[in-house]
1. Points 7 angstrom from Cα along the Cβ direction at residue 27 and residue 131: gap in nanometres?
2. Could you point to the residue in 134, 151, 38 farthest towards the positive end of segment 15-164's charge dipole, with +1 and -1 charges on the Cβ of Lys/Arg and Asp/Glu respectively?
3. Which values of log₁₀ I(q)/I(0), to two decimal places, follow from the Debye formula for segment 14-170 at q = 0.17 Å⁻¹ with a uniform point scatterer at every Cα?
4. What's the local net charge at residue 291, with K and R +1, D and E -1, over the other residues with C-beta under 12 Å away?
5. Ignoring ligands, DNA and RNA, what percent of the accessible area of segment 235-294 is carbon or sulfur (1.4 Å)?
6. Distance cut-off 21 Å, Cα to Cα: go down the list 53/298; 210/300; 53/307; 228/307; 53/210 and report the pairs above it.
7. Quick check for me: using +1 on Lys/Arg Cβ and -1 on Asp/Glu Cβ, what's the dipole size of segment 46-143 about its Cα centre, in debye to the nearest 20?
8. For segment 75-157, report the accessible area per residue in Å² (1.4 Å probe, heavy atoms, rounded to an integer).
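The values are calculated or read from the model by the stated rules, or taken from the named source; none is laboratory data. Since this is a predicted model, take the numbers as computed values, not measurements. Cβ placement follows ideal geometry from the backbone for every residue including glycine, while neighbour counts extend to all protein chains displayed. To get the accessible areas, we keep the full protein, side chains included, count just its heavy atoms, and leave off ligands, DNA and RNA. Shrake-Rupley method; radii C 1.70, N 1.55, O 1.52, S 1.80 Å.
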Amino acid sequence: MNSSYNSTALAASPVTDLVLSINVPYMVAELVIAALSTVGNLLVCLAVGLNRKMHTVTNYFLVSLAVADACVGGVAIPCAILTDMGIPRHNLYPCLLMLSVLIMLTESSIFSLLAVAVERYLAIFLPFRYQTLMTPRNALLVILVTWVLSFLIGLVPLMGWHKTPPETGYCFFVFVVDMTYMVYFNFFGCVLAPLVIMFLIYARIFAVVKRQARRIAADRVQGEAQAKRAASMRSEAKTAASLFLVLFLFTVCWIPLHIINCFLLLCPSCAVPLPLLLTAIILSHANSAVNPFLYAYKMKAFRRSFKAIFLCCRFGADQDDRTEDGDTTTHRS
């Protein structure tokens, strides 16, 4: 296999070289990630579905994120493996659809993370209006809108914004997907902009929570109401920190691949080391597998639910609603 990736040179390569360039370790890694993503995120959905105490607006958005990640493992990664082998051949629109699946699911993940950030912002800055604004019905409506927008953004290549397919007819990403779409529309407009907004939201949340915590700590005479307010702020801060970590890992996993796409667009004759490209692709797909582990580690409610599922236990009424360690059972619907 060639040790570097160059879109111009790749387009001129013999078909036999392309077909023989299948990387078995890469495909094995993809299949492992696909299995972990599918099983882990279905477990997240099951944990929320079976435990009524976890039926919160925050968790509804996390379930939407988990559905997207499960689909990455069950649908997008198998499609990516097939297109890595040039399949389907001489069939442009099924090819574009398969290549667009991961874009759709990535957008759904981003919009779910944005919904979580906005929901946390409302919970902290508008606590008295939160229950009115963030009803289960409104949450489901937001989820529906995010999925519709994600599909529309992902389907843009099918609407005509794509390259003319080569005569060989092989379905390779670089042959049919226009990098101007991937960089200017998808990355700058639909990935980077929401990420910047989310980081600003969390920065605002952490700044205000820290300031209020200092104010409460400075008040030496604390009544019962003040003590409850302090405990609530600590709980909100831990929840926000756990959810921010989900966002941070998403950014770390996806930004390298988008940077490579920018490099390929701005310098099409430049070579990208193939191991670097494959590592970036695997890293982006691996993000779909890490969230269930993060929930189990950082969120006590998920940890209890996972344990109950594995032990085949009934979700009993004795499970409390404490919110330590980033528990997300606050504001139950």
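1. 5.7
2. Selected residue: 134.
3. Debye intensities relative to I(0), on a log10 scale: -1.02.
4. Net charge around residue 291: 0.
5. Percent of accessible area from carbon and sulfur atoms in segment 235-294: 86.
6. Over 21 Å apart, Cα to Cα: 210/300; 228/307; 53/210.
7. Dipole about the Cα centre, nearest 20: 380 debye.
8. 44
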